[in-house]
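Here is the structure we will look at.
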Amino acid sequence: MATPAEVAQFRTVQRDLVTLALAALARWWAGLDLRSAAEARSAVPAMVAFTGGLTRMYGESAALAAADWYEELRSQAGVRGRFRARMADPAPREQVEAVTRWAAGPLFTERPDPAPVLRNLSGGVQRLVLQPARETVADSVEADPADARWARVPSGAKTCAFCRLLASRGAVYHSEESAGGLARSYHGLCDCVPTPVWPGEEEPYDVDALLEEYTEARAKAGGNPKAILAQMRADLGIN
């Protein structure tokens, strides 16, 4: 069973990769000439190309670390039979381009402003770097014949209502169908760690406490997911 300490250690490895990627992005960004609107807008194709190479390099490292982590936890669980983790590919070019062009949106307003572009792009880079690691865990669980599941383990100083809701379900995610689109969705600054759990093991966090938060919010707000999330935000004072 993954312990909270092991989850934290893996999260640190992933954060270190993100930190390196963001440092490289900041250095590259500092060399751009964005003094005029025309120059700023003409830099977008270069932004797409640089972001693609950056997220591919660090995404591959993140996926490799996730595959190693999965196999280590599987060995600790004493699961019978051999299995190699399914290492996911880096984010596809089309996704990288869409994220980058969205981040560059402030360059195409009446008063182009490059200041928020780096913030937007940094959040996108974090998500794209971590995506292959997260998909590695989810894909490996789906392919593992040992009936594994995965849980969305919250981490960090604060966890948003959306992530708390998904985490409150515990280790129920198995196939892509059972996880659904929402369970595999992560926002730009998300610190959640998809963590494999095998039969007989418990989740490395307090699922009951999160389920109680969700249940109380549902009792007040009814069954609409958006209303439940709004109630959780109000009750907990979080985003």
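The values are calculated or read from the model by the stated rules, or taken from the named source; none is laboratory data. Remember, it's a predicted structure, so these values are computed and weren't measured experimentally. Every residue, glycine as well, gets a Cβ built from its backbone with ideal geometry; the counts of neighbours run over all protein chains shown.
General remarks:
- Qualifying residue in the stretch 169-182 (condition: surrounded by 24 or more Cβ atoms within 10 Å (Cβ to Cβ) and either closer than 30 Å to Gly105 by Cα or in contact with a Gly (Cβ under 7 Å, 6 or more places away or on another chain) (or both)): no
Listed here are the residues, each with its yes/no results for (1) small (Gly, Ala, Ser); (2) under 30 Å from Ala234 (Cβ atoms); (3) in contact with a Cys (Cβ under 8 Å, 6 or more places away or on another chain).
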{"residue": "Ala85", "(1), (2), (3)": "yes, no, no"}
{"residue": "Arg93", "(1), (2), (3)": "no, no, no"}
{"residue": "Asn120", "(1), (2), (3)": "no, yes, no"}
{"residue": "Ala151", "(1), (2), (3)": "yes, yes, no"}
{"residue": "Ala161", "(1), (2), (3)": "yes, yes, no"}
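- Unique match (being assigned to a helix (DSSP H, G or I) and over 25 Å from the mean Cα position of the chain (by Cα)) among Ala38, Ala5, Ala23, Ala62: Ala38
- Screening the stretch 197-239 for residues that are of a type in the set (S, T, N, Q) and not in a helix (DSSP H, G or I) and picking the one that is farthest from the chain's Cα centre (by Cα) gives Asn224.
- Residue within the stretch 102-121 that is within 21 Å of Ala66 (Cβ to Cβ) and surrounded by fewer than 21 Cβ atoms within 10 Å (Cβ to Cβ) present: no
Conditions tested, residue by residue: (1) at negative phi; (2) modelled with pLDDT under 95.
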| residue | (1), (2) |
| --- | --- |
| Gln131 | yes, no |
| Glu142 | yes, yes |
| Leu166 | yes, yes |
| Leu182 | yes, yes |
| Gly200 | no, yes |
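- Flag set for Thr136, criterion: assigned to a helix (DSSP H, G or I), within 27 Å of Gly81 (Cβ to Cβ), of a type in the set (S, T, N, Q) and at pLDDT 90 or above.
- Of all residues in the stretch 91-127, exactly one satisfies the criterion of being in contact with a Pro (Cβ under 9 Å, 6 or more places away or on another chain), at pLDDT 95 or above and within 17 Å of Pro45 (Cβ to Cβ), namely Val96.
- Qualifying positions in the stretch 86-101 - part of a loop (DSSP other than H, G, I, E, B) and not basic (Lys, Arg): Met87, Ala88, Asp89, Pro90, Ala91, Pro92
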